[in-house]
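Peer 1: Sending over a structure as structure tokens; questions will come in a sec.
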Amino acid sequence: MKASDWMNNRKYINACTENTVGLRSLLCVSLFIASCGGSKQTAPATDTANDGETIEKLLAEMILKANAGDIEAVMAYFAEDGVAMPPNEMPVFGTRLIRPRVQPLFDQSQLVVFLTSEEVGVSGNFAFARGYMSGRIEPKNAAPERYIEQTEYLMLLQKDSSGSWKIARLMWHPMWPEQRPVT
């Protein structure tokens with residue numbers, strides 16, 4: 001890669017991350033609030049139990065659609081400028097690039113995924129959801145099935161202009177790191 005290519009990519013990444021300052025602030029505030037979970041503090045006035053329930057329902061519906069193999073429905077849960085952040089890989093920016101990453105999974109496999117939501121926080125038009133996912137990927141051909149080890153996820157959502165919650169950022173990683181031989 002030439003230096004000018006790196007700089008252009010870096011400018012693109014910086015331009016994308018400049019728009020996420022609000023999300024970073026939300027995450028920091030959300031993590032602080034979550035750490036105070038045992039206290040008697042009340043939620044901010046902008047939080048509603050209804051929004052939290054709506055997000056819990058959205059997560060359950062998305063998993064049902066994924067297990068049914070409905071990629072159209074799954075992609076509809078993402079904001080057009082959403083970002084997927086898979087473990088040990090570069091982020092994937094926008095549904096235009098996320099879809100080709102997941103299309104082969106839906107074409108070649110049947111998902112059997114289970115989701116456990118641990119917490120949901122809402123503040124105005126932003127929210128986060130954190131939890132665990134496990135399950136298996138059953139190939140449609142003769143290949144052996146693969147298991148999804150216990151995986152932790154953190155999802156940032158944003159309410160769009162129609163009032164629907166959309167996934168703005170999705171990151172996940174295995175709960176237990178890959179065991180490497182000691183040398």
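Peer 1: Has the stretch 123-135 got at least one residue that is of a type in the set (S, T, Y) and either exposed (fewer than 13 other Cβ atoms within 10 Å of the Cβ) or not in a strand (DSSP E or B) (or both)?
Peer 2: The answer is no, given that none of the residues of the stretch 123-135 is of a type in the set (S, T, Y) and either exposed (fewer than 13 other Cβ atoms within 10 Å of the Cβ) or not in a strand (DSSP E or B) (or both).
Peer 1: Restrict the check to the stretch 96-110 and report whether at least one residue is surrounded by 18 or more Cβ atoms within 10 Å (Cβ to Cβ) and charged (D, E, K, R).
Peer 2: no
Peer 1: Next question. Just give me the residues in the stretch 42-57 being surrounded by 11 or more Cβ atoms within 10 Å (Cβ to Cβ) and at pLDDT below 50, in sequence order.
Peer 2: Scanning the stretch 42-57 gives A43, P44, T46, D47.
Peer 1: On to the next question. Tell me which residues, restricted to the stretch 153-183, are β-branched (V, I, T) and part of a strand (DSSP E or B).
Peer 2: I167, the sole residue that qualifies.
Peer 1: Continuing with this model, one more query. Does A66 count as in a helix (DSSP H, G or I), loosely packed, with under 15 Cβ neighbours inside 10 Å and modelled with pLDDT of 95 or more?
Peer 2: No: the conditions fail for A66.
Peer 1: Something else: Provide a single number: the residues in the stretch 138-170 that are farther than 22 Å from T54 by Cβ and touching a residue at least 12 places away in the same chain (Cβ under 8 Å).
Peer 2: Number of matching residues: 10.
Peer 1: Still on this structure, I have one more. Condition first: in a strand (DSSP E or B) and within 15 Å of the chain's Cα centre (by Cα). Now tell me which residues in the stretch 90-110 satisfy that.
Peer 2: Correct list: V92, F93.
Peer 1: Please tell me if Q150 is at pLDDT below 95 and either surrounded by fewer than 17 Cβ atoms within 10 Å (Cβ to Cβ) or part of a strand (DSSP E or B) (or both).
Peer 2: Yes, satisfied.
Peer 1: Only one residue in I71, I55, I98 is touching a residue at least 40 places away in the same chain (Cβ under 8 Å) and of a type in the set (A, V, I, L, M). Which one?
Peer 2: I55
Peer 1: Kindly establish whether P87 is more than 15 Å from M62 (Cβ to Cβ), in contact (Cβ under 8 Å) with a residue 60 or more places away in the chain and outside any strand (DSSP E or B).
Peer 2: Judged against the criteria, P87 is a match.
The values are calculated or read from the model by the stated rules, or taken from the named source; none is laboratory data. Since the model is a prediction, treat every value here as computed from it, not as a measurement. For neighbour counting, all protein chains shown are included, and Cβ atoms are generated from backbone atoms with ideal geometry for every residue, glycine included.
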